[in-house]
1. For region 60-83: of the residues being over 21 Å from the mean Cα position of the chain (by Cα) and on the phi < 0 side of the Ramachandran plot, which is surrounded by the fewest Cβ atoms within 10 Å (Cβ to Cβ)?
2. Say we look at region 160-175 and pick out the residues that are open to solvent by less than 10 Å² (accessible area, probe 1.4 Å) and part of a loop (DSSP other than H, G, I, E, B); which of these is nearest to residue 194 (Cα to Cα)?
3. Is it true that residue 57 is of a type in the set (D, E, K, R), over 22 Å from residue 275 (Cα atoms), without any contact (Cβ under 8 Å) to a residue 60 or more places away in the chain and open to solvent by 30 Å² or more (accessible area, probe 1.4 Å)?
4. Give 100, 80, 96, 104 a once-over and let me know the one that is at pLDDT 95 or above and either in contact with a strand residue (DSSP E or B) (Cβ under 6 Å, 6 or more places away or on another chain) or among the polar types (S, T, N, Q) (or both).
5. Anything in region 141-159 that is over 16 Å from the mean Cα position of the chain (by Cα) and open to solvent by 40 Å² or more (accessible area, probe 1.4 Å)? List them, or say none.
6. So residue 224 fits all but one of (1) surrounded by 19 or more Cβ atoms within 10 Å (Cβ to Cβ); (2) in contact with a His (Cβ under 7 Å, 6 or more places away or on another chain); what number is the exception?
7. Output the number of the condition that residue 217 fails; it satisfies all remaining conditions of (1) in contact (Cβ under 8 Å) with a residue 60 or more places away in the chain; (2) open to solvent by 60 Å² or more (accessible area, probe 1.4 Å); (3) more than 18 Å from the chain's Cα centre (by Cα); (4) closer than 27 Å to residue 134 by Cβ.
8. Hey, among the residues in region 84-98 that are without any contact (Cβ under 8 Å) to a residue 24 or more places away in the chain and among the β-branched types (Val, Ile, Thr), which one's most open to solvent (accessible area, probe 1.4 Å)?
Amino acid sequence: MAALLAARSMPPPATPPPAGPASPGPSPLFVLSDVHGHRDEFRAVLLGAGLVDRAGRWAGGAVRLWLLGDYVDRGPDGIGVIEDVRRLTAEAAAVGGFVGALLGNHEVRLLSAYRFGTAPVPGLEEPDGFLGGWLRHGGREHDLRRLAPAHVEWITRLPAAALVAGHLLVHSDTVRYLEFGAGVEAVNAAVSAALASQDAGVWREFTDRMRARGSFRGAEGPAAAARLLGALGGTTLVHGHSTLTRHYGIAPEDVREPLRYADGRVLAVGGGVHEGGRLLLTRLR
């Protein structure tokens, strides 16, 4: 544990990614969110859809797959999930397919713990700083222990939003993405800058924005969804983060499909695998 408490220096990120890489052709488009270290379940759901073979290698041909964040924490092998996603990205690209990944709030929490450890952070009401907060919100010591520079670099390259075939893909169900900027490109550039910052205060605000939720529920939800879609583009907003099990009141055994709400303009795909639910691999087109 002592090794986890030391603040570490994070390598600078590479050049910020473009606002949602263009995906080839009108091939099938799938999304999946909140794997949370459940590597076996991740492989099983992809195998069931024919996107990987029994060895876990890409078998989806030209299919497009977007993962909406939260690869780590809460489950047994977050780093293994990251390694699978990195490998599948290369394997899919080699045969004309596409695997894209967005940044989730748990990746941000993990990097904050990695970068700052237990150092005091003004305005952060968490004992033991970012490390303490990360552990209390599902952080797993083995993920931090195995986090290597290559994993850190991969995370710091992830965009926060993508516009794909009329769908606005984000991790969190929040309008606070607008605090990063107007437009997907502006949001991703601001997120890249935050990931590069050495200022703990910037990271405190960054983690607050990324963990926000619930903007599209209730009477004001449709207007909030329209506001975000109007600023960032798309006709349907697709998110994870808030799970169907905990936040939408669906019993884990009843999780079968994503939930469309906010006058039909928002699709929640977080099936709550870490809460007894399941991973919802969802075809958008």
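The values are calculated or read from the model by the stated rules, or taken from the named source; none is laboratory data. Keep in mind it's a predicted model, so treat the numbers as computed, not measured. No Cβ is skipped: glycine too gets one built from the backbone with ideal geometry, and neighbour counts run over all protein chains shown. In case anyone asks, the SASA skips ligands and DNA or RNA and just uses the protein heavy atoms, side chains included. Shrake-Rupley method; radii C 1.70, N 1.55, O 1.52, S 1.80 Å.
1. Of region 60-83, the ones over 21 Å from the mean Cα position of the chain (by Cα) are 60-62.
Remaining after also requiring on the phi < 0 side of the Ramachandran plot: 60, 62.
Values: 60: 24, 62: 15.
Result: 62.
2. The qualifying residue nearest to residue 194 (Cα to Cα) is 160.
3. Criteria met by residue 57.
4. Of the residues listed, the single one that is at pLDDT 95 or above and either in contact with a strand residue (DSSP E or B) (Cβ under 6 Å, 6 or more places away or on another chain) or among the polar types (S, T, N, Q) (or both) is 100.
5. 141, 142, 145, 146, 149, 150
6. (2)
7. If we test residue 217 against (1) in contact (Cβ under 8 Å) with a residue 60 or more places away in the chain; (2) open to solvent by 60 Å² or more (accessible area, probe 1.4 Å); (3) more than 18 Å from the chain's Cα centre (by Cα); (4) closer than 27 Å to residue 134 by Cβ, just (1) comes out false.
8. Checking each candidate, the answer is 89.
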